[in-house]
1. Once phi is turned into ³J(HN,Hα) by the Karplus curve 6.51 cos²θ - 1.76 cosθ + 1.60 with θ = phi - 60°, what whole-Hz value does each residue of region 136-141 show in order, with x for glycine and proline?
2. Using 0.36 nm times the number of residues separating H277 and D190, minus their current alpha carbon distance, what extension gain do you get?
3. Just the number: Rg to Rh for region 221-270, Cα atoms, Kirkwood Rh, two decimals.
4. Give me the dipole magnitude in Debye, nearest 20, for region 177-395 about the Cα centre, with unit charges on the beta carbon: positive for Lys and Arg, negative for Asp and Glu.
5. Quick one: P(r) of region 6-123 from all Cα-Cα pairs, 10 Å bins, percents rounded to integers, in order of increasing distance.
6. What order do you get for 177-190, 640-653 when each peptide is scored by the mean count of other beta carbon atoms within 10 Å, highest first?
7. Measuring from label point to label point, each 7 Å out along Cα→Cβ, what is the A558 to D288 span in nm?
8. Starting from the Cα-Cα distance between A642 and K411, subtract it from 0.36 nm times their residue separation and give me the gain in nm to one decimal.
Amino acid sequence: MFRWGRGGNGLKVLLTVALTATSTLILSTLLLLLTGKRLRFASRAAGVLAAAVMCVAGAWGAARLWGFLDSNMWASAAITGAVCLVVVLALPHWNPAGQVFMGSYLAAAGSYVALGAYLTAAPGLSLWGRVASLLLLILEILALIVSGYFAFEGCDRLCRARATRRVMAPDPSYLPLVSLQVPAYNEPADMLIETIKSLERIDYPRLEILVVDNNTEDPQVWQPVADYCSGRPRVRFVHIDAEGFKAGALNLVMAEHLSPEVEIIGVVDADYQVDPHYLRETVGYFADQNVAFVQTPQDYREYEGDAYLTACYDAYSYFFHASMPSRNERNSIIFAGTMGLIRRQVLEKLGGWPEWCITEDSETSLRMLKAGYAGVYVEQSMGRGIMPLTFAALKSQRFRWCFGGIQILRKHWRSLLPGKRTRANQLTLGQRLDYVFGTGLVWFNDVLYLGFTAVLLVTAYLTLSGQGAFFRPLFGALVLLPAALLVSGLFRALWSLRQLTGIGVKRSLLALLNWLSMSWTVSLATSQGMVRKRAVFMRTPKEAEHQTVWSALGAAKAETVLALVLWAAAVASAVTGTVFLTLLFLWQGTVYASAPFMSWLSTRTVLSPQLQERRRTEAARERMAALFGYYATGAAALAAVALVAAIFLIGGVQPGRIPALPELPRDPAKPPLIQIDPSPSVGPSVPGTTPSPGQTATPGAPTTTPPAPTTGPTTPPPATTAPATTAPPGTPSPAAS
């Protein structure tokens, strides 16, 4: 048996720290849920005091529950407290509940990584066992990092007691000429005309409305709109055939159809109803010449009373109620494609809209921030549009958002690395991290989840077939800590969503399922984004006029198969008595089953005649997102999963000598209330495995768990899958509408 330090004390310290961090995380999560939004003050002294109380209570509780000696208790409390102290000093603008929660999360995640690294480096593992263990550790670290970002984002919004960024108040006397542009393709004429009418009602003296119809082939679709616009004092209609789709059309309009006097450009989706006071509330921020763009929330209408559309609405809300306000404090918001204004001079100076990127709006805002300009987020809903009306359309939209985020990451990753600010790259560290995580890496959450699914399936095969044992024992702290991270993340995510939106438990659970339902779609988009430079389109089944249960399953075929396989594995694991493995299979099956459930729920939606017409044109509009006729498939995602599964299968069949956890030093006078030491295994023995006396390594699985926001809605209250779960798979990050 390997040793770290004399008598294996190093590993014993790691175990006691992990158990203490687990208890502290549970207590701090309760503190967050009870007081996180109510505490409206920030104080380093209060944060240090709260951290000390939580860490001591966590260590005492761990010692009482699991019976280890007080000397180990105080050492583990000191280590956990040191991490919390660093967080308190780094986040003086948060209230004590948020500080302690974030500190305990980092302590728990760090102790889990330390345990995983220790077991990976343990002597006795075979070459393939070590390779597989290292790959698992890397997946877990990435998942914990992404989960940590989601946790930070939600707490930053709810636990922030004071602002750290000062934005100049809008100047009501600043009245530049504004051009509100409405890009349209194959839109129902009645709906587009209603949008134009709402823009005409805007109370602003210097306004032009430019309706840009691009590539609509049927004159019967766009001619009624052109007829309505003809002769109206503030409205112009332009029908063009531009390459580059939305970005190409807007660039052409800016170059050839825009008055030289226009200083501010606004983009409004063709289905929006805009409030009359919209420009009066936002244009004044441009009096500060350093402000390059102003963004307001994307909001939606005509969802009330419908379970599916309400779930979509609540899932969308997280991003604009949590992510954007948090990022606004670091001047790192995105331009979201609609209900935003942008300074024309800066846009032209930086080369216009990027026609290579499918999410041209958020890429443009990154270039503006990189050049040293500022963006302002006004958290006031002043326009409402129509959400994707079918599950297939929702998947296609999320695919485009994700693919565009990966395009941005691939293009700008060097600029987003931590480093010195230069004249060519003036991004601060906070801005870089927000764009790395919130615009790029957030989408990898679901790829990691898919990887952990492959690991679980391999583990189940090895365990049930008796062909081998996994190299990572699944007992003791290695079960308690990831379980605590998972439960804590889910409760925190649901709490954040409810606090930010004011919705009830049922609606928050449906919103969570809506986030999770996008996991497979985001995995496909991320995989495609890593191997293709140009935009692709996700093929979705043609929607029948009247949807049925079978058509709903057809829109989520892959997810349905994955859910059934995982649930079957859960049943098989339950038969063998592997409780934790069974629970993991049930959870991960539920994640993928949320897709056919949401698809079925969408079949029950009753639409108004106008929305029925909108639904008939959704598929054609979504196909405008395709460039060069490429169609996304699951090949890249499946190839990556197959590679991960193969590595773990070989490493699991030939793991070598599997490390066993040592006996923790006990206080005879304080018997443990909960026994965590490994008990003899009922699984197959593995040649070369040499457990310590009284212990037998239990064939198990790597700990994997999915996230919970936002959500992060990734949000959303955007959701990962590893020992740390703080944001559910599929959390939306609306980089483009």
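1. So the Karplus estimates, Gly and Pro as x, are 4, 4, 5, 4, 5, 4 Hz.
2. Gain on extension, H277 to D190, equals 29.0 nm.
3. Rg/Rh: 0.96.
4. So the magnitude is around 720 debye.
5. Reading upward from the zero bin: 16, 45, 28, 10, 2, 0.
6. Order by mean packing, descending: 177-190, 640-653.
7. 4.3 nm
8. Numbers: separation 231, 0.36 × 231 = 83.16 nm, distance 2.78 nm.
Between A642 and K411, full extension yields an extra 80.4 nm.
Bear in mind these aren't lab numbers, they're just calculated from the coordinates by the rules spelled out. What you are looking at is a predicted structure, and each value in this text was computed from that prediction instead of being measured. Cβ: placed from backbone, ideal geometry, glycine included. Neighbour counts: every protein chain shown.
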